[in-house]
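Written out below as structure tokens is the structure these notes cover.
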């Protein structure tokens, strides 16, 4: 009778441990996917190129609109046009 009790106790322990091991069944692991963050800044012009280009355009316009006759005389009056020869 002693052997039967040991076998019964072992069978009961094995049954209880097997039932707890399989409780709930197989569950696939949950993998959380991190969202991809895209930097959505609007396309802008490069101010490092635009500002010097505007300054250069201003200098060219100032040179084109100047009254200088190229003589570099400063305050001298311009020479009158020569009389046409007939």
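Brief remarks follow.
- Potential extension, residue 16-residue 30 segment - 0.36 nm per residue separation minus Cα distance: 2.2 nm
- Exposure proxy order (Cβ contacts within 10 Å, fewest to most) of 37, 50: 37, 50
Every number in this text was worked out from the coordinates using simple rules, so none of it is lab data. Note that this is a predicted model, so its numbers are computed, not measured. Don't worry about glycine lacking a Cβ; one is built from the backbone with ideal geometry, like all the others, and counts go over all protein chains shown.
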